[in-house]
Structures are given as C-alpha cells and as structure tokens.
C-alpha cells in the first residue's frame, strides 16, 4: 500500500498555495504510507537557469561551500538553497551537464534527486508530516506537483527508495503497486544507456518512461507503451515540465480518485486526500478507468 | 433525528453509538455530517434504523450492514456494503471497487456507476446499478441478483455460480462459464420488482434487459473428467 497525491493547477491564482494544498493532501495519506514521503514540485523556469536538487546524509559536510566549489568547476555563478538534507543548485542552463559531472567528483556522497529547469524533488524516510515540515513544503509555490507516501513492500526503506523517482530532465514518477518484470526491463534499459540508483521496481518504470520520451514519444504515448511492457500492479502519476499524467494497470486494484474543476486537476489514492481542496463540492469527481491514459499539458 | 458530526466526534464514537442500537430503540433516524471520505462509516450496524451520510465516504461504508437503511448523499469508496446481511444501502453517486462484495442479503442501490468487481462473490444480496459496472463484476457470484441499467465491463460473471445478472446495455465481454440466457416471465417480474425497489422504475422497463447466468460447466464436477484428477 502507498498513497499518491497530485495537483495540476489551471488557475495561476492558486500557484502560491500549491505547497500548502499538497502538504495537506500528503499528510492525509499517512496511514497508506508511513515509511517515507516525497514531493516533486514544478515551480516554473527562470530565464536561462536550470536546477539540480541533491541530497546528502551529511548536509553540513557536503553542502559546505558547494556553490563556490561548483562555481570554480564550471566557471559560472551558482546559487544554492539548502533545505535540511537537500540543496537546490541553480546553474546556467547550458552548464547543467557540466555541473552534474562536476558534482560526482566534488561530492561523491551526494545523491541526485532531480535535474531540469522547473522540477525540485524532496524526499526522506519518516512520517509525511515530518518530511513536509523538514522541507517546508507548505511554503512552496508552483504550477503542479506530485507527492507520495510509501509503505515499502519491494525494496528497502531508504531515502533513495522513496518516491518520486526522477530519471530524466523535469520528469518524475510515483507508484502505488509492484512490478513483476522490472529486473528484465532494467537490464534492457541499462543496455540502452540508462543508469539506476536502486534495486527498486518503480525506478525502472520511471526510467522506462524517460527512455520513451527520449525516443521522441509524447507523455501520453509513453504511458500507452507502458501498458504493453510493464507487468504488475500499478497506479502511476507522472510529471513532466508542462504535463501531468495518470495510468492504472488493467486489473486496477490500486485505488485512484480524480477531481477536476476550472481551477485544477487533482489526484488522490483516496477521496479523503481531496476533501479540503477549494470547490471540491462541485468538482467532477471520478475513478480513472483501468488501462486508460489520462494526461494534461499546458 | 440524531445528527452526528464525524469531523468533531470521530468515527469510533459514531460506530459505537450505532452498534449500541441493537434491540429496541427510539432513535431511528440518524444523520452523519462531514464524512470527508472517512473509512468504515456505519459499518456493522444491526438495527432497523435510517442513517443518512451527507457526503462521500471511504472504504467499507455500511459494511456487514444488518437491518439498517443507509443512504449516502455522495459517492462511496471501495467495498461499500461489503458482506451486507440485510437492510438497504442507497448511494446517490458512484461506487468504487467491489461494491456489495460477498453480500448475503439486503439491497444495494447505486445511482451512479459502479467500478470494477461489483458484486464479487455475492451470496444473496440484490444490487441495482443505475449506471455502468466495471470489469470482473460478479466474479464467482453465488446467489442473488444484479440489475444494471447501463453497460457492463470486461469478464462479466467469470466463474459464476447461481447469481442472476440482468444488463440493459452492452456487455464488453463475458467471463468463463457465463452465458446469456432466456428472459422468462419470472425474470421480468424479478427485474420489475428490483427496478421499483431500486428507485429505477421510471428509468427502465424489464423488457429492455438481457439475462446472464452460469453455464454450470465450471463448478459442477463432471464424472467424465475423473481421470484428469
């Protein structure tokens, strides 16, 4: 069992409240996943700047002078915002790859959470309320976001085993369920050049979608392909820079509820997660159909 | 009318108040406000009372119901009226997975759509769905009746025993050992009665329905196959 929440805002007036609404939804899903929690927030791109979110078990050591060290390595100014065990590094768009490679040498113990011009991912072991407080998620603004509360079944309870998983620029995926053919798929994806941080099944699904997007498929088509190639139980919610997608396996055991108003599209593992959203009383609320891809793009 | 604010007083207080109604009671009308998708609302009631839930519910609302009439003025989460024994559960909106699962008696009315596995392993309950039902509905259903005014999803009635299924719209596919059967007079009468009790008699007529039931090849032991065991 796991909990998933997601919000895709249509009304820019709600953007300052994205973090606050997602935090409330996430905490409501605590009893579906008290092991760990995570959130991906898309806060919009700043002109010419990209973002790298990193995590460290020893932030006081790893993040000390990291901005200056990275500046020296890539020859461009770097802005750093430390939030607990995570740091968001802002670098010029053209230097994202150089900064990533430099990070591996500068701070070998640091883990990469996400890369892109809009996405930031924060995830840790612990109760959703503690994780949300640690990163001050309630204060975050953005256009869309996805959260996950994990009850681990398939691999260890670690920071890197928490969701969301990000395996491509501005991409993320969260999962409720378990996959049965992830080992074979992982080997295929490794042959195609993907790299993996964990033994987790969800990371394979994330990498699968990233690979399809890299091959030129749009999000909807990539998720359609996933229905053919991924075997197991899944409700996935996927984020891209401009989009938000949902797909359930054909058996559809893992719960899912969606709500749509003029202001937003919302996803919850249960209706409970949606009850405090503005205008929910008059929202169109429905259960996504099995083996059917839903996605919204702006 | 007893009004109960679930947001203030909590689920455990609600259900213990309702469980205490066994036997004689004058408190026959109940209203639950602020359900907010909570789990197990009014589960395990065993008294001839009328309970109205003003909003949508989470898992297992009205589970194991005996005697009570429970109305949900919203949509219901997974497992609504699971293992109902008697009484009635009436949902104004949609019902999630396995509505009425394993139900042994009583009437479940869903005025919207029901999703997958509606009536799975039912054992005597009657279910009336004004909209559609999802895939694998009535899987291994043993007895009771299901009336669907809309369409049915894939694998309807897979491994069916003796439950009767009446569908007005299309059936995406029939499950193993489920076949269409002739509508006889007693079936028209049965559907007419269920449409009336299911508050659907103005929406559909018995002659618009087709009947599906068990071919009885799967669950009967066939002596010719003895060598295979």
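Taken together, the values in this text are just the output of simple stated rules run on the coordinates, not laboratory data. Predicted, not measured: the structure shown is a model, and the values here were computed from it. Reconstructed Cβ throughout: ideal geometry from the backbone, glycine too, with neighbour counts over all protein chains shown.
Of all the options A:59, A:92, A:12, the one that moves most in a Gaussian network model of chain A with Cα springs shorter than 10 angstrom is A:12. Normalised by the number of residues in chain A, the mean separation of alpha-carbon contacts (under 8 Å, six or more apart) gives a relative contact order of 24 percent.
Taking only DSSP H segments of four or more residues, each worth -39500 (n - 2.57), what value at 222 nm results for chain B once the sum is divided by all its residues, to the nearest 500 deg cm²/dmol? Please report the intermediate quantities before stating the final value.
Values: 3 runs with 26 residues, N = 229.
Mean residue ellipticity at 222 nm (helix-derived): -3000 deg cm²/dmol.
Tell me the relative contact order for the stretch B:1-138 as a rounded percent, counting alpha carbon contacts under 8 Å between residues six or more apart. Working shown, then result.
Numbers: 474 pairs, mean separation 20.3, N = 138.
Relative contact order here is 15 percent.
Using only the Cα atoms of the stretch A:222-298, build the gyration tensor, take square roots of its eigenvalues as a ≥ b ≥ c, and label the shape rounded, prolate or oblate: rounded if a/c is under 1.5, else prolate if a/b is larger than b/c, else oblate. Here the stretch A:222-298 falls in the oblate category.
Can you give the angle from 0 to 90° between the axis of helix A:18-28 and the longest principal axis of chain A, with both taken from C-alpha atoms, to the nearest 10? Taking Cα atoms only, the helix is inclined about 60 degrees. Across the stretch B:128-221, the relative contact order, built from alpha-carbon pairs under 8 Å that are at least six residues apart, equals 28 percent. Averaged over the residues of peptide A:247-258, the number of Cβ atoms from other protein chains lying within 10 Å of each residue's Cβ is 3. Shielding by partners for peptide A:284-291, expressed as the average number of C-beta atoms from other protein chains within 10 Å of each residue's C-beta, is 5.
Among B:201, B:94, B:50, the residue with the largest mean-square fluctuation in a Gaussian network model of chain B, with springs joining Cα atoms closer than 10 Å, is B:201.
Looking at the protein assembly as shown, the DSSP beta bridges with both ends there are about 65 percent antiparallel. Between A:215, A:141, A:203, find the one with the highest GNM mean-square fluctuation for chain A; connect C-alpha pairs within less than 10 Å. Result for chain A, Cα springs under 10 Å: A:215 fluctuates most. Using only the Cα atoms of the stretch B:100-184, build the gyration tensor, take square roots of its eigenvalues as a ≥ b ≥ c, and label the shape rounded, prolate or oblate: rounded if a/c is under 1.5, else prolate if a/b is larger than b/c, else oblate. Since a/c stays below 1.5, the shape of the stretch B:100-184 is classed as rounded. Inter-chain neighbour count for A:268-276: the average number of beta-carbon atoms from partner chains within 10 Å of each residue's beta-carbon is 5.
The alpha carbon radius of gyration of the protein assembly as shown, expressed as a multiple of 2.2 N^0.38 Å, is 1.09.
Rounded to the nearest 500, the helix-only mean residue ellipticity at 222 nm of chain A stands at -7500 deg cm²/dmol, with each DSSP H run of n ≥ 4 adding -39,500 (n - 2.57). Between the helical axis of B:185-197 and the longest alpha-carbon principal axis of chain B there is an angle of about 20 degrees.
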